[in-house]
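One structure is given below, encoded as structure tokens.
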Amino acid sequence: MYSRSNNGVMAANHFFQNISRALRALARSVHSASWLLDVPLAALAWLAAYWLRFNFDVPADARAQAFVTLPAALGCMAAGLLAARVPRLPWRFVSLADVRRLAAGVALGALLQTALIMGLRVDDFPRSVLLIAFVLTLLVLVLARGAWRSVAEGLHAAPLTARPLLIAGELADADQALHALRGAADWHAVGIVTPDESDTGASVQGVRVLGSVARVAEVAAAHDVATLLLAGAPGSALRREVLSGSAGGALTLLTLPSADELLSAGNGGGSAPRRVRLEDLLGRAPVQLDEAGLAAMLGGQVALVTGAGGSIGSELCRQVARQGVAELVCVDASEFAIYRLEQRLRREFPQLRAHYYTANVREMERLRAIFAAHRPAAVLHAAAYKHVPLMEGVNALEAIRTNALGTLNAARAAGEAGAARFVMISTDKAVNPTSVMGASKRLAEQIVQAVAAEHLATSFVSVRFGNVLGSSGSVVPLFERQIAAGGPVTVTHPEMVRYFMTIPEATQLVLQASLMGRSGQIFVLDMGEPVRIQDLARMLIRLSGKNEADIPIVFTGLRPGEKLYEELLANDETTDATPHPKLRVAKTGAPPPDVISAACEWTESAAVSADEVRAWLKTRLPEYSPNGL
């Protein structure tokens, strides 16, 4: 008996709670400022419908009927607007989507009006009033919102101190850029240039198209503008066209920050334009990641990164942290590098549980202790010596010890600790190597494959890619320092070409390869089209606001170990496709059975000359050709 009574009380309470929530929602809508204008405008539209129906001379009985039916008409229209959630739409930011919702609400209200009027069988009711009232209500509500937005935008227009700029891009891209510029009080768009000359004279959000991209210098001079905002995707042909046609760097080039930059900036960032960087011109389509697979692989797990303080390693740490790891273990031989990494990760991921170790991958016992303490599920091995000329001379043996034996130590420590995955960052210089650095990385690839046979529970893979924009020791920071010093910019050979990708793209593909790879595989990244180094230097000069008359380019000749072009596959290698369009698997032969023992025994000697290193590498790697011979 008590149970039934209790259930009844609970059901009643639940019913009244639902009623209370509905009333609160209605109250919020009723108190919305939208009703203060929507209701009078809808009433005006209803009365005006009678006025139009009777050709501006409404008979007395029809006039009385209009006022008698007005409350019912307003109630029906209010119900339609409320059902479409129209009162919750802010007028200042009204868009086409909002107009469509408004039209749906007005149409529903008109249907309710029709049903009610017809149901009540109002005597001598002119049915055309219903259609006219629907059209007028929709018209006045849309016009009111449009006028409100126009006034609001006028009040928030760019101040007189705002600097003028031109926008370069397709009309759709220019439209998005103009929306973004509303939050940037420092800039004011005076015109648009597009790739299509026929767009001239068109207008986007009240800003006219003044000409084509080919005439950007002429348009800028005519309107006394020194700044150009590049709209659209990074790496587009339009951006390169603008750069090559910008009057030798006379225009300051800006772009809008990417979504990733806005996320990284947090609350302290913004959508204000920034200076164009090289990756904005050479950038490619965003990498499509298997986010669910990566979250399953790394989420709640322990990940370890060697070489964590470097440019590639630090970005790997950021990408791994975004996947929700339980712990991140960062290992680097440089105290300063690991300190900078700690400061950055604390700022960007304050909740991240991270450990920072100063340790050298050449010290096996130190690695074993770190791996045993944390038992990482995923190990990303980025520690390496990578500067080609430095590793060619007196440091040749050190390249073998760090790049090859350091990889052996990290791989074995991962296997012994029970890691599920181990990924070694390799390089295109390991393909048909002409340098000690490249040969040491090819040896490291073979060692990883050999360790894979020792630890079957761990998946060991290597990933090859080319040059990364902005990485430490790369050519771009060197060129930027030379330009800042007034030049000249030194290029070794006019025909030297290299593959380039951005640091985030490279690291994301490394993670994707670690997810997809089977033990012993070597992945090759799609590096796109190669870029001539002298073209790269020319773009950097123009991005600095100078031209080649100000900053000359000087050719100095190839350095030891350098190639004119890099390869991603050796002569006897082919690749197999993978489900990811930017990843392929190199089909390589099995490593020599004694690759580990031979490397360990030979490198025990501390007194080995660079020539002896090259001679020994030649015996181990038939594809190695010192100095390109």
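The values are calculated or read from the model by the stated rules, or taken from the named source; none is laboratory data. Please read all numbers here as calculations on a predicted model, not as lab measurements. Every residue, glycine as well, gets a Cβ built from its backbone with ideal geometry; the counts of neighbours run over all protein chains shown. These accessible areas exclude ligands, DNA and RNA; they are computed on the full protein's heavy atoms, side chains included. Shrake-Rupley method; radii C 1.70, N 1.55, O 1.52, S 1.80 Å.
In the range 355-399, what residues are in contact with a strand residue (DSSP E or B) (Cβ under 9 Å, 6 or more places away or on another chain) and of a type in the set (Ser, Thr, Tyr)?
Within the range 355-399, TYR356, TYR357, THR358 meet the criteria.
Give the residue that is surrounded by the fewest Cβ atoms within 10 Å (Cβ to Cβ), with candidates limited to residues of the range 430-466 that are touching a Ser or Thr at 6+ places or on another chain (Cβ under 6 Å) and among the basic types (Lys, Arg).
Per the stated criteria, the residue is ARG464.
Over 16 Å from VAL463 (Cα atoms) and in contact (Cβ under 8 Å) with a residue 60 or more places away in the chain - does that describe any residue in the range 499-516?
Applying the first criterion (over 16 Å from VAL463 (Cα atoms)) to the range 499-516 yields none.
For the range 499-516, residues over 16 Å from VAL463 (Cα atoms) and in contact (Cβ under 8 Å) with a residue 60 or more places away in the chain: absent.
Kindly provide the set of residues from the range 527-561 that are modelled with pLDDT under 70 and buried (at least 19 other Cβ atoms within 10 Å of the Cβ), ordered by number.
Passing the criteria: MET527, GLY561.
In the range 418-456, which residue that is farther than 18 Å from LEU408 by Cβ and aliphatic (A, V, I, L, M) is modelled with the lowest pLDDT?
Only one residue tops the list, namely VAL431.
Limited to the range 370-393, what total is found for residues that are open to solvent by 60 Å² or more (accessible area, probe 1.4 Å) and not basic (Lys, Arg)?
The qualifying residues number 4.
Just the residues that are open to solvent by 10 Å² or more (accessible area, probe 1.4 Å), within 23 Å of ASN409 (Cα to Cα) and not in a strand (DSSP E or B), please, taken from the range 316-335.
Across the range 316-335, the qualifying residues are ALA333, SER334, GLU335.
Within the range 408-429, how many residues are in contact with a Ser or Thr (Cβ under 7 Å, 6 or more places away or on another chain) and more than 20 Å from ALA599 (Cα to Cα)?
To start, the set of residues in the range 408-429 that are in contact with a Ser or Thr (Cβ under 7 Å, 6 or more places away or on another chain) comprises 410, 414-415, 419-424, 426, 429.
Cutting the leftovers down to more than 20 Å from ALA599 (Cα to Cα) gives us 419-423.
Qualifying residue count for the region: 5.
Of everything in the range 340-361, what is free of Cβ contacts under 8 Å to residues at least 24 places away in the same chain and either open to solvent by 50 Å² or more (accessible area, probe 1.4 Å) or not in a helix (DSSP H, G or I) (or both)? Give them in sequence order. Steps first, please.
Within the range 340-361, the first condition is being free of Cβ contacts under 8 Å to residues at least 24 places away in the same chain, and the residues that meet it are 342-343, 346-347, 350-351.
Listed by number, the residues that qualify are GLN343, ARG346, ARG347, PRO350, GLN351.
Look at SER514 and say whether it is more than 30 Å from THR227 (Cβ to Cβ) and open to solvent by 30 Å² or more (accessible area, probe 1.4 Å).
The answer is no for SER514.
Among the residues in the range 419-432, are any of a type in the set (Gly, Ala, Ser), within 17 Å of SER311 (Cβ to Cβ) and in contact (Cβ under 8 Å) with a residue 60 or more places away in the chain?
The answer is yes; a qualifying residue exists.
Is there a residue being surrounded by fewer than 18 Cβ atoms within 10 Å (Cβ to Cβ), more than 22 Å from ALA64 (Cβ to Cβ) and at pLDDT 85 or above anywhere in the range 120-138?
yes
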